[in-house]
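The values are calculated or read from the model by the stated rules, or taken from the named source; none is laboratory data. Since the structure is predicted, the reported quantities are computational estimates derived from the model, not experimental observations. Neighbour counts run over all protein chains shown; Cβ positions are idealised from the backbone, glycine included. Calculation scope for accessible area: heavy atoms of the full protein, side chains included, ligands and nucleic acids excluded. Shrake-Rupley method; radii C 1.70, N 1.55, O 1.52, S 1.80 Å.
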Amino acid sequence: MDREIEATLEALLDERRTFEPPEAFAESAFLNDPAVYSEAERDPDAWWASQAERLDWFQRWDQVLEWKPPHHEWFLGGKLNASHNCLDRHLARDGDRVAYHWIGEPGEKRTITYRALHEEVCRLANALKDMGIRKGDRVAIYLPMIPELPAAMLACARIGAPHSVVFGGFSAESLRDRINDAEAKVLITADGGYRRGDVVPLKANADEAVGQTPSIETVIVVRRTNENVPMQEGRDVDYADLVEQASPECQAEALDSEDMLYILYTSGTTGKPKGILHTTGGYLTGVSATHHLVFDVRPETDVYWCAADIGWVTGHSYIVYGPLANGCTSILYEGAPDFPDKDRWWSIIEEYGVSILYTAPTAIRTFMKWGPQYADKHDLSSLRLLGSVGEPINPEAWIWYQQFIGGGKTPVVDTWWQTETGAIAITPLPGITTLKPGSATKPFPGVFADVLDEQGHPVGRGGGGYLVLKRPIPSMFRTIYKDDARYRETYFGRYGDHIYFPGDGAKLDDDGYFWLLGRVDDVMNIAGHRISTYEVESALVDHPDVAEAAVVGRRHPQEGEAIAAFVTPKATRIGDEELAQELRAHVAKVIGKIARPHSIVFTEDLPKTRSGKIMRRLLRDVAEGRQLGDVTTLQNAPILDEIRSKANSLQGDEA
Ligand code: 7RM
């Protein structure tokens, strides 16, 4: 990278303020001695084994790790059950503890104790068995954020039937493709779900999908909206009837540590989604250890809220398996953050005394855009820890989150991980780590991460390159379902079988902190300079009047690529030519003239996937004036038409 840009990037990423763990927090934290890092580094197998010991095993393992690159297996010979670990083992002492405070979008409330959840799971597991579902059979789940969703996952886990949860916002086609790839025998869905006051027609989508899924024998339908939906004789059954008729006693199967727990589909660079395959012992070890230590959770007193959707890996690991394995009390909220008003989350936090909140930068930036008055209306003093996941968090959003939501006192843990890693891999430990806003800080103990250059040499402190993991971790996926060749090629094609390549760019600062720079395909080449879209975005959102920004490269006859920026101003400022000029000047100041956007389109919102990641690929299509690629995973498709018409009128209007 060009020296001048390197220096300015340094300045950009060098948010001068750092935050020590609050003294009282550090004193009582589970981990407050940095020696844990060196101990885990010296003997990672012993470290992971000590974490596995936090679980209940029917039979102890004989070997911690068998690593045959690029494959790896964990806790070989061990037998356990995830549903047993999430439920049964808590019953004797904590059966009456609340597992979930559920809040429906229209306002209903349900409190589900561990004992109640256990009974529901046992009944559903028996019902699945009665349908002929056996260990290894796949079950597809397409549900809204209602308690039946974690119950369905745990019922599958109880009998060793891998689940494939398909996010409730996905279309009939996406559902069909995922069912067919997994060859699921049963689909568990609902009549509908609520989103911003509207009904999402899940059963209608399911009917359309199941018309083209020969493997599906039975469709189980949860009544959520109680609308009249057609039920196909011989195929569709009512969830409530089924559960009521089934026995409440169901022995959890003793599964091998390496038995499949679930498949979760995630988009890759091609159109065909990848079926990320997770197994039982290693995954549960990873999610329960990280949930316990990164959030420093006290199951007796904390009220924990991961505000993701269970349809994404964040929900699998940090709403279902991690928190339940740790016997924790969680919030489960069905709907949108602005329904009926933009203070819905803050009102929930106040009402339930939420002490830990885990959400995504995109949500934080949306709250910033709306302004702090919505949080101000509520008492958020119960919060003692905040978490972020999903994208790089820009320092401004980090500070805003800590100030306006955390009252200036909470640590903020910025956690880097992926569907593939299954659990958090790079993260602060809140009782140990000095926080730097914008940095995910350090690898979790037992995680061997580094940053390499194109040739595979470590870049060292102060350098930038590609993030890698040099040793497997227990929670990491085992392969891509039915496509091991793609597993090898996508993740181990770059540096060989021993080095996992996650697809992210990163920088190491002088203290060895990791700064994640976004996906490596988000790199532009401007007049021979490599500039990541993230650098320019960071500079844009660093401007006080910008809520959110996305940047893509557009082909340019002179410079190779030209920078096209899409910017959402805060509610207090209008996106006009004056602001555009200010922003160009601002980017020039923080990075350098070379990084000034050629064009700036102001927009109310950016195209995002349903998990809240900005879809730069589609913005690239817009910027190039091309036909749009696949938009099925988009949560807000109409915004694209708006952006496109604005972009067209700007064509040629370059600074
Ligand atoms: C948990 C999740 C994975 C991709 C990953 C990164 C990006 C996630 C952070 C982050 C910077 C973070 N799974 N990412 N967390 N980038 N800082 N703290 O999001 O499979 O859906 O996405 O998300 O690019 O590769 S995921």
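Quick notes on this structure:
- The phi torsions of the stretch 620-625, fed into the Karplus equation with coefficients 6.51, -1.76 and 1.60 and a -60° offset, translate into couplings of 5, 4, 4, 4, 7, x Hz, rounded to whole numbers, with Gly and Pro shown as x.
- The phi torsions of the stretch 190-205, fed into the Karplus equation with coefficients 6.51, -1.76 and 1.60 and a -60° offset, translate into couplings of 9, 4, x, x, 10, 8, 6, x, 8, 9, 8, x, 5, 5, 4, 4 Hz, rounded to whole numbers, with Gly and Pro shown as x.
- Most to least packed among 58-71, 469-482 [average Cβ atoms within 10 Å]: 469-482, 58-71
- Spin-label model, E108 to S50: label points 7 Å out along the Cα-to-beta-carbon direction sit 4.6 nm apart.
- Averaged per residue, the chain has 37 square angstrom of accessible surface, using a 1.4 angstrom probe with ligands and nucleic acids left out.
- Compared with the alpha-carbon gap, the fully stretched path from E217 to Q63 is longer by 51.5 nm at 0.36 nm per residue.
- Amide H contacts of L143 (H built 1.01 Å from N, under 5 Å, at least 5 apart or other chain): V166, G168
- By the beta carbon rule, with partners counted only under 4.7 Å, the chain holds these lone Cys residues: C86, C156, C306, C328.
- Across the cross-link table entries K507/K646; K613/K646; K377/K436; K377/K608; K436/K613; K185/K470, which are compared at the Cα atoms, the separations over 31 Å belong to K507/K646; K185/K470.
- Paramagnetic reach from T434 (point 7 Å along Cα→Cβ, amide N under 17 Å) across the stretch 389-427: 411-412
- Amide hydrogen neighbours beyond the local backbone of L435, cut-off 5 Å, H modeled: F19, E20
- Where H498, H118, H316 fall by accessible area, highest first, once all protein chains stay in place (1.4 Å): H498, H118, H316
- Loop sites in the stretch 246-338: chymotrypsin sites (Phe, Trp or Tyr not before Pro), DSSP, at most 14 other Cβ within 10 Å: none
- Segment I574-S171, extension gain: residue separation times 0.36 nm, minus the distance between their alpha carbons: 141.6 nm
- FRET efficiency for D379 and N32, using Cβ-Cβ distance with R0 set to 51 Å, rounded to 0.05: 0.95
- The distance separating the Cα centre of the stretch 564-606 from that of the stretch 85-144 comes to 48 Å.
- Carbon-plus-sulfur accessible fraction, the stretch 27-154 (probe radius 1.4 Å, protein heavy atoms only): 45%.
- Gained length - E183 relative to E41, 0.36 nm times residue gap less alpha-carbon distance: 47.0 nm
- The chain: relative contact order in percent, alpha carbon pairs under 8 Å with at least 6 residues between: 13
- Couplings 3J(HN,Hα) for the stretch 574-580, derived from phi with the Karplus relation 6.51 cos²θ - 1.76 cosθ + 1.60 (θ = phi - 60°), are 8, x, 10, 4, 4, 5, 4 Hz, where x marks Gly and Pro.
- Amide H contacts under 5 Å for V303, placed H, 5+ residues apart: S355, I356
- Protein heavy-atom surface of the stretch 228-377, 1.4 angstrom probe: 48% of the accessible area is carbon and sulfur, with nucleic acids and ligands not counted.
- Expressed to the nearest 5 percent, the antiparallel share of DSSP beta bridges inside the chain is 60 percent.
- Computed [θ] at 222 nm, helices only, for the chain once each DSSP H run of length n ≥ 4 contributes -39500 (n - 2.57): -8500 deg cm²/dmol
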